[in-house]
Amino acid sequence: MTPTETTVAEVMAELAALDDPKARAVNEKHGDDHGVNLSKLRALAKRLKTQQELARRLWETDDTAARLLALLICRPKAFERAELDAMVREARAPKVHDWLVNYVVKKSPHSEELRLAWSADPDPVVASAGWALTTERVAKKPEGLGLAGLLDVIEAEMKDAPDRLQWAMNHCLAQIGIEHAEHRARALDIGERLEVLKDYPTSPGCTSPFAPTWITEMVRRQEDRAQSVRGTH
């Protein structure tokens with residue numbers, strides 16, 4: 001046995017010991033088939049530190065908790081574009097898909113190429129990853145994106161999109177409205193007319209994902225912050 005094989009076995013045993021049936025029952029309602037508390041998973045990742053080879057081996061197990069751990073201990077820039085493309089197609093569980101895009105692909109030198117390829121993919125889950133990368137650019141690097149064109153696509157396709165793709169498009173719509181005042185009125189109008197996620201159950205203290213509510217609340221917070229900064233000068 002090589003040291004890596006031993007380590008994979010050891011890590012899998014440790015993950016099995018952390019599995020909590022109650023947590024698993026809650027997670028499975030969201031399509032995530034694992035029962036490991038994420039704080040404990042992060043603590044384990046912190047202890048293991050960055051180990052790219054171990055991360056690859058854990059990913060290959062196809063176990064959701066092991067894949068989440070792999071995404072925390074990998075080196076995002078070490079993956080080839082084709083590897084990331086394969087991984088996004090293999091990421092069954094929503095949480096794995098989410099962490100893969102947010103923790104790994106966004107830090108990859110291939111993120112822009114993948115954004116363009118995935119956005120046009122016929123698989124709605126893969127396309128949702130493309131939209132998540134687009135939302136990141138809307139917030140951080142909007143130059144050259146063509147926000148009006150994005151709003152055209154959202155207006156035409158979001159209402160009937162499958163769940164995860166719809167969620168990603170809606171996030172992009174909200175981000176455009178929050179970050180870009182010149183497109184805000186149109187973003188609000190699209191949200192009001194399409195009514196996507198209007199009745200989504202929202203916990204107390206959380207902002208509704210319904211785009212007009214989300215945009216209005218975040219803009220209000222930005223204005224409050226700006227006022228308090230002005231007030232201190």
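The values are calculated or read from the model by the stated rules, or taken from the named source; none is laboratory data. Keep in mind it's a predicted model, so treat the numbers as computed, not measured. Heads up, the Cβs are rebuilt from the backbone with ideal geometry, glycines too, and the neighbour counts pull from every protein chain shown. Side chains included, ligands, DNA and RNA excluded: accessible areas come from the protein's heavy atoms. Shrake-Rupley method; radii C 1.70, N 1.55, O 1.52, S 1.80 Å.
When Lys107, Lys95 are compared by accessible surface with a 1.4 Å probe, the order from highest to lowest is Lys107, Lys95. A Förster distance of 45 Å, applied to the separation of the beta-carbon atoms of Ala9 and Ala117, puts the FRET efficiency at 0.80. Across the range 164-178, rounded Karplus estimates of 3J(HN,Hα) from the backbone phi angles (6.51 cos²θ - 1.76 cosθ + 1.60, θ = phi - 60°) give 5, 5, 4, 4, 5, 5, 5, 4, 5, 4, 4, 4, 4, x, 6 Hz, Gly and Pro being marked x.
Ordering His180, Pro212, Leu197 by the projection of their Cα atoms onto the charge dipole of the range 164-233, which places +1 on the Cβ of Lys and Arg and -1 on the Cβ of Asp and Glu, puts His180 at the extreme positive end. Size of the range 1-137: Rg and Dmax of its alpha carbons, in Å, are 15.0, 45. Rolling a 1.4 Å probe across the protein heavy atoms gives the range 9-51 an accessible surface of 67 Å² per residue.
The calculated FRET efficiency for the pair Glu182 and Arg81, based on their C-beta separation and a Förster distance of 25 Å, comes to about 0.15.
What residue among Ala65, Met87, Leu38 has its Cα farthest toward the positive end of the dipole of the range 37-112, where the charges are +1 on Lys, Arg and -1 on Asp, Glu, each on the Cβ? Value computed over the given set: Leu38. With protein chains left intact and a 1.4 Å probe, residues in the range 101-208 average 50 Å² of accessible area per residue.
In the assembled protein chains, Arg193 presents an accessible area of approximately 120 Å² (probe radius 1.4 Å). Close Lys pairs in the chain, defined as Cα atoms under 22 Å apart and 8 or more places apart or on different chains, number 27. Its convex hull of Cα atoms gives the range 69-111 a direction-averaged projected area, equal to a quarter of the hull surface, of 2.6 nm².
Solvent-accessible area of the range 92-184 (1.4 angstrom probe, protein heavy atoms only): carbon and sulfur portion equals 53 percent. Diffusion of the chain by Stokes-Einstein, at 20 °C in a medium of 1.002 mPa s and with Rh set to the Kirkwood radius over alpha-carbon pairs, works out to 110 µm²/s. Computed from the Cα positions only, the extents of the range 78-188 along the three principal axes stand at 40, 28, 21 Å, in decreasing order. Net charge dipole, the chain: roughly 980 debye, given to the nearest 20, about the Cα centre with Cβ charges of +1 for Lys and Arg and -1 for Asp and Glu.
When Rg and the Kirkwood Rh are both derived from Cα coordinates, the Rg/Rh ratio for the range 171-233 amounts to 1.05. Roughly what % of Cα-Cα distances in the range 2-73 sit above 21 Å, to the whole percent? The proportion of pairs with Cα distances above 21 Å equals 19 percent.
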